[in-house]
Amino acid sequence: MEELDVIWMAILAGTPLVGALLAGLAPRKWPDLGAWITVLSTALSLSLAIAILIQYRYDTLEQLGVLNDLEFRHKGSLDFRSWAADRNPDPAVEKSTDWVGRTAWLNQFGLEWLWGMDGVGMACALAISACALSIAAVVWRPAGEPGFWRATLLCLEAVLLAACTQQNLFFLGLLMLLAVLLAALLCRFSGARVEPGTMGNPAGWILRPGFIAAALTLVGGLILSAQDCHDFAPPDRLEEAAWRAVRSTPGAAYNDEYAGAEFHTLDLTVLARQARASWHGHDLEALSLERLRNRLLAGDKEPRYDIADLLKREEVGFQARLEAWKNSYWVVRAGWVLALASVAWLIAGLGYSEGGGARPEIDGAGGMARAMLSSLFILLLLRVVFPLFPTAFAPGEKGGPGLALLAGMLLMGDVLFRLWTASSRWQISALSAWGMAWVAWLGVFAWPWGGQPGPLALGLNGALLAGVCIPLGMVLARGLMVLRPHDKGAAGGLALLLQAGAPLSLGALAMLPVGRALFATSTLVGVLFVVAYALWLYAVASRSGLFGSLDNQPGAPVTAPEPWKSRQVLVAFLLPVPLILTGVIPYWVVAWTEPAATSQADLLERMPQLAPGQGMIQTNVTGKE
């Protein structure tokens with residue numbers, strides 16, 4: 001029987017699929033029936049996401065003491081709970097409250113559906129569900145093919161929610177491919193038309209970078225799967241492989257087969273343990289070695305093999321395997337490939353250089369749904385790219401210190417330049433989304449510039465909050481522009497300012513830890529970041545029509561404001577709630593996102609020597625075992 005937490009995660013991803021079937025089959029003679037089904041399905045998905053958040057916080061975070069004691073912050077990570085589940089000889093212990101699970105598929109090829117939920121996935125799931133509900137309310141009657149459009153929207157929501165719970169890099173790449181296809185179909189079914197030779201096909205803007213991102217993710221996964229993760233494999237997998245070899249090979253000895261068994265996987269948590277261990281240079285996280293030691297201490301020796309002899313073999317092989325991983329240039333290449341995949345995915349969700357191409361007739365309904373793709377950008381950074389951070393991106397002979405941070409600063413400068421030349425709110429919205437994306441990027445890569453681990457937790461927390469702001473802010477701003485295309489007054493300007501991280505908003509809350517992390521690494525970079533943020537807000541406020549109509553000309557007649565309709569009021573107040581209240585009362589979001597981000601940095605921060613022999617720690621760095 002499946003675990004209760006796995007059932008909850010499956011229901012979360014499956015609910016939009018049921019709604020898609022019903023919305024697609026809704027009779028055309030009742031045009032509003034499909035719209036109501038879509039709205040109710042997305043509302044139910046959002047309710048399920050909130051219910052899962054409540055269970056995750058009280059049944060997992062509080063039970064593990066994560067919210068009460070800083071010493072237990074690392075238990076809030078997905079890696080720790082997966083490690084505990086793999087280490088525990090009794091898989092039934094607390095299996096329904098750890099929010100991790102395995103569903104068998106092709107185990108012999110390392111392909112399992114690996115369930116997992118933490119604060120990062122939870123934040124993305126809430127953002128996706130809220131955006132889907134807002135889109136369903138805005139696009140009440142799509143211009144193209146309503147039934148297909150609604151069904152495709154709900155299928156896209158289901159795929160993105162499934163990606164939030166996925167820990168297998170192979171399935172994550174496949175879900176990305178499926179999401180790109182569905183987003184392109186939404187542009188097709190929304191009825192967007194472009195004159196030949198002018199701006200290209202809107203669906204092509206999604207397909208090309210989206211396919212590149214998914215392909216790079218799969219390539220990076222294949223590179224990593226070629227690395228031997230024997231020491232961090234679930235011990236039962238190594239035992240199963242050893243006994244299978246003993247039964248099938250005459251004269252094979254269990255100790256020889258166990259010690260020589262290679263474990264290749266696409267499990268992100270196993271790859272993260274291997275990367276951290278090679279970075280630290282010690283065996284604190286070795287699963288198979290730890291389990292063998294526990295058996296030896298407990299006197300649990302089976303007559304078929306000698307655990308003490310096997311333990312000696314494992315200890316000798318452990319250091320050799322760590323050195324092989326640490327010195328592998330393929331790991332570095334995989335890290336950069338996956339980083340490029342996250343940028344390509346962002347292009348698929350936001351479009352590159354939309355400052356010169358965003359138009360309401362092309363990027364309206366389909367563009368709103370397309371913005372949902374950007375929710376996976378921060379998921380890729382924190383769950384896929386960052387676990388390889390110590391090995392692939394940190395300062396040293398292989399990492400190229402500060403290169404990623406320098407690229408983020410230059411690209412943020414490009415966003416500011418384009419904002420000063422933006423001529424419409426559509427362009428301002430797209431450019432603000434790009435600016436928030438580079439804030440998240442800077443938060444993740446702030447540490448290598450200074451070579452100190454202290455700012456790492458600050459940067460990760462700010463990056464997570466900035467990443468959640470991208471889809472929420474973009475769908476809010478574009479939703480109002482779709483509903484009120486002729487309104488150039490303050491409402492749309494306020495939405496754009498919220499998207500850009502106005503004071504006392506979620507975006508501003510993200511700026512604080514990222515700014516502190518950048519100041520801790522380099523005062524000059526921190527000052528440049530603060531100046532860029534101030535210029536960003538000024539450009540958005542001055543060019544969005546917040547202090548006057550965007551298109552007002554001297555002597556132009558003043559038009560009366562449009563009356564607000566009930567559905568417009570719903571959209572106007574749905575997404576500002578998480579964007580404003582979380583900035584005013586940070587505890588509502590930080591209480592469950594902070595453990596997930598901080599715990600990823602915790603294993604690095606607590607170590608007195610992070611990378612012996614690589615010159616990482618320069619001065620005044622202390623820690624504790």
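The values are calculated or read from the model by the stated rules, or taken from the named source; none is laboratory data. Only a predicted model underlies this, so the values are computations on that prediction, with no experimental measurement involved. Ideal geometry is used to build each Cβ from the backbone, glycine not excepted, and the neighbour counts take in all protein chains shown. Ligands, DNA and RNA are excluded from the accessible area calculation, which covers all protein heavy atoms including side chains. Shrake-Rupley method; radii C 1.70, N 1.55, O 1.52, S 1.80 Å.
Step by step: first the residues of region 285-323, then only those that are at pLDDT below 75, among the small types (Gly, Ala, Ser) and in contact with a helix residue (DSSP H, G or I) (Cβ under 9 Å, 6 or more places away or on another chain), then the one that is farthest from Arg273 (Cα to Cα). Which residue is that?
Ser288
Looking for whichever is on the phi < 0 side of the Ramachandran plot and modelled with pLDDT of 80 or more here; the options are Gly454, Gly489, Gly450, Gly479. Which one fits? Explain how you work it out, then say what you get.
Details: Gly454 fails: modelled with pLDDT of 80 or more; Gly489 fails: modelled with pLDDT of 80 or more; Gly450 fails: modelled with pLDDT of 80 or more.
The unique qualifying residue is Gly479.
Among the listed residues Gly413, Gly443, identify the single one that is crowded, with 24+ Cβ neighbours inside 10 Å, small (Gly, Ala, Ser), at pLDDT 85 or above and closer than 21 Å to Thr523 by Cα. If you could, list the steps in order and put the result at the bottom.
Values: Gly413 fails: crowded, with 24+ Cβ neighbours inside 10 Å.
Going through Gly413, Gly443 in turn, the sole match is Gly443.
Inside region 26-56, can you point out the residues that are part of a loop (DSSP other than H, G, I, E, B) and in contact (Cβ under 8 Å) with a residue 60 or more places away in the chain?
Filtering region 26-56 down to residues part of a loop (DSSP other than H, G, I, E, B) leaves 26-30.
If the condition is that a residue be part of a loop (DSSP other than H, G, I, E, B) and in contact (Cβ under 8 Å) with a residue 60 or more places away in the chain, then Ala26, Arg28 are the ones that fit.
Out of curiosity, is Pro401 at pLDDT below 75 and surrounded by 24 or more Cβ atoms within 10 Å (Cβ to Cβ)? Steps first, please.
Values: at pLDDT below 75: yes; surrounded by 24 or more Cβ atoms within 10 Å (Cβ to Cβ): no.
No: the conditions fail for Pro401.
Can you pull out every residue in region 257-268 that is modelled with pLDDT under 85, buried (at least 17 other Cβ atoms within 10 Å of the Cβ) and not in a loop (DSSP other than H, G, I, E, B)?
Glu257, Tyr258, Ala259
Can you work out which of the residues in region 344-391 that are at pLDDT below 85 and polar (S, T, N, Q) is nearest to Leu405 (Cα to Cα)?
Here the residue is Thr391.
Examine region 157-173 for a residue that is assigned to a helix (DSSP H, G or I), acidic (Asp, Glu) and either touching a Ser or Thr at 6+ places or on another chain (Cβ under 7 Å) or surrounded by fewer than 24 Cβ atoms within 10 Å (Cβ to Cβ) (or both), and state whether such a residue exists.
We begin by selecting, within region 157-173, every residue assigned to a helix (DSSP H, G or I); these are 157-164, 169-173.
From the residues that got through so far, the ones that are acidic (Asp, Glu) too are 157.
Those left that are additionally either touching a Ser or Thr at 6+ places or on another chain (Cβ under 7 Å) or surrounded by fewer than 24 Cβ atoms within 10 Å (Cβ to Cβ) (or both): 157.
Within region 157-173 (the criterion being assigned to a helix (DSSP H, G or I), acidic (Asp, Glu) and either touching a Ser or Thr at 6+ places or on another chain (Cβ under 7 Å) or surrounded by fewer than 24 Cβ atoms within 10 Å (Cβ to Cβ) (or both)), the answer is yes, since at least one residue qualifies.
Mind listing just one residue for me: the one in region 519-544 that is of a type in the set (Gly, Ala, Ser) and within 10 Å of Leu416 (Cα to Cα) and, of those, surrounded by the most Cβ atoms within 10 Å (Cβ to Cβ)?
Result: Ala539.
Of all residues in region 16-43, how many are under 15 Å from Ser134 (Cβ atoms) and buried (at least 18 other Cβ atoms within 10 Å of the Cβ)? Please lay out each step first, then the result.
The initial filter retains those residues of region 16-43 that are under 15 Å from Ser134 (Cβ atoms), namely 16, 35, 38-43.
With the extra rule that they be buried (at least 18 other Cβ atoms within 10 Å of the Cβ), the set shrinks to 16, 35, 38-39, 41-42.
Matching residues across region 16-43 total 6.
Given (1) modelled with pLDDT under 90; (2) at negative phi, identify the lone condition not met by Val180.
Only one criterion is unmet by Val180, namely (1).
Go through region 1-15 residue by residue and tally those that are open to solvent by less than 60 Å² (accessible area, probe 1.4 Å) and either of a type outside the set (A, V, I, L, M, F, W, C) or at pLDDT 90 or above (or both).
We begin by selecting, within region 1-15, every residue open to solvent by less than 60 Å² (accessible area, probe 1.4 Å); these are 3, 5-6, 9-10, 12-15.
Those still in the list that are either of a type outside the set (A, V, I, L, M, F, W, C) or at pLDDT 90 or above (or both) too: 3, 5, 9-10, 12-15.
Total meeting the criteria: 8.
When both residues are 6+ apart or on different chains and their Cβ atoms are under 8 Å apart, which pairs have a first residue that lies in region 407-431 and is free of Cβ contacts under 8 Å to residues at least 24 places away in the same chain, and a second that is open to solvent by less than 50 Å² (accessible area, probe 1.4 Å) and not in a helix (DSSP H, G or I)?
Taking only residues 6 or more apart or on different chains, not a single pair turns up.
Counting only residues that are in contact with a Leu (Cβ under 8 Å, 6 or more places away or on another chain), at pLDDT 90 or above and not aliphatic (A, V, I, L, M), how many does region 523-539 have?
The number of residues fulfilling the criteria is 2.
Mind checking which residues of region 44-76 are open to solvent by less than 30 Å² (accessible area, probe 1.4 Å) and either in contact with a Lys or Arg (Cβ under 6 Å, 6 or more places away or on another chain) or among the charged types (D, E, K, R) (or both)?
Val66
List every residue pair whose Cβ atoms sit under 9 Å apart, with the two residues 6 or more apart in sequence or on different chains, where the first one lies in region 199-218 and is among the charged types (D, E, K, R) and the second, anywhere, is open to solvent by 20 Å² or more (accessible area, probe 1.4 Å) and modelled with pLDDT of 70 or more.
Going by the 9 Å Cβ cut-off, the qualifying pairs are Arg208/Ile347.
Would you call Leu224 within 30 Å of Leu292 (Cβ to Cβ), out of contact with any Pro (no Cβ under 8 Å at 6 or more places or on another chain), modelled with pLDDT of 85 or more and not in a loop (DSSP other than H, G, I, E, B)?
Numbers: within 30 Å of Leu292 (Cβ to Cβ): yes; out of contact with any Pro (no Cβ under 8 Å at 6 or more places or on another chain): yes; modelled with pLDDT of 85 or more: yes; not in a loop (DSSP other than H, G, I, E, B): yes.
Yes; evaluated as a whole, the condition is true for this residue.
Per-residue answers, yes or no, for (1) surrounded by 24 or more Cβ atoms within 10 Å (Cβ to Cβ); (2) more than 24 Å from the chain's Cα centre (by Cα); (3) touching a residue at least 40 places away in the same chain (Cβ under 8 Å); (4) not in a helix (DSSP H, G or I):
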| position | (1), (2), (3), (4) |
| --- | --- |
| Gly101 | yes, no, yes, yes |
| Glu112 | no, no, yes, yes |
| Met122 | no, no, yes, no |
| Ala127 | yes, no, yes, no |
| Ala132 | yes, no, yes, no |
| Ile135 | yes, no, yes, no |
| Trp140 | no, yes, yes, yes |
| Ala143 | no, yes, yes, yes |
